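One structure below.
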Amino acid sequence: GMMEYLAGPSSTVYGAKRASQGHPAPYITTLKKVYVEVGNETWNDIFYPSNFDNLNGPLYGKFAQYFFNIIKSSPYYDSTKFEFIVGGFYPQPEETGYGITAKKFMPDGKQVMIANYIGGFDALKIPASATFADSVQQTAFYARWITRNIIDLHVKNRNKMAALGYPYKL
């Protein structure tokens with residue numbers, strides 16, 4: 001249904017839905033690329049039952065690849081327009097980390113996302129700001145020097161995974 005909505009003609013069920021919402025031409029004709037990641041923070045227990053228990057990267061990788069295979073089976077799928085993303089976990093840069101182990105089971109995953117939050121409850125422990133401007137300043141001035149060691153480990157393990165036959169971008 002997603003593929004039909006994005007790329008199908010308006011004579012299809014989901015193409016007609018898109019057209020009725022004011023977009024008669026398929027979205028895919030105007031988009032350069034669509035990035036698809038299965039889930040949101042799939043390691044995070046607060047999203048139970050839509051998470052993968054105990055940071056089970058291999059299970060997440062298998063599930064996401066299954067989903068990607070469904071997308072690829074659509075007659076409206078265009079490999080030049082879609083890129084599949086592995087949902088990674090920023091504070092796990094080691095080769096046994098969540099996103100890295102998920103990638104081993106997700107051959108179509110071209111990127112491993114390593115989202116990072118600045119402020120408040122996250123691992124960086126930068127105090128949350130009362131104003132948006134202060135939050136932007138924290139992100140701009142603190143993030144790189146605090147996070148560089150973890151990012152460097154992600155890069156090291158990305159390079160190692162590529163050598164083992166599991167290439168991806170961060």
Gain in span if fully extended, K32 to K62, counting 0.36 nm per residue against the direct Cα distance: 8.1 nm
Computed over the range 1-112: relative contact order in percent, which uses C-alpha pairs under 8 Å that are six or more apart: 25 percent
Aspartates and glutamates with Cα under 15 Å of K72, excluding same-chain neighbours fewer than 8 positions away: E4, E37, E83, D108
FRET efficiency, 1/(1 + (r/R0)^6) with R0 35 Å, evaluated for N44 and I70 via beta carbons: 0.90
Contour excess over end-to-end distance, with Cα ends at A163 and S10 and 0.36 nm allotted per residue: 50.6 nm
Protein accessible area in the range 39-89, 1.4 Å probe - carbon and sulfur %: 57 percent
Accessible area in square angstrom per residue, the range 1-123, 1.4 angstrom probe: 54 Å²
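The values are calculated or read from the model by the stated rules, or taken from the named source; none is laboratory data. Bear in mind that the values here come from a model prediction, so they are computed numbers and not experimental data. Cβ coordinates were reconstructed from backbone atoms using ideal geometry, including for glycine residues, and neighbour counts include every protein chain displayed. Only protein heavy atoms, including side chains, enter the accessible area calculation; ligands, DNA and RNA are left aside. Shrake-Rupley method; radii C 1.70, N 1.55, O 1.52, S 1.80 Å.
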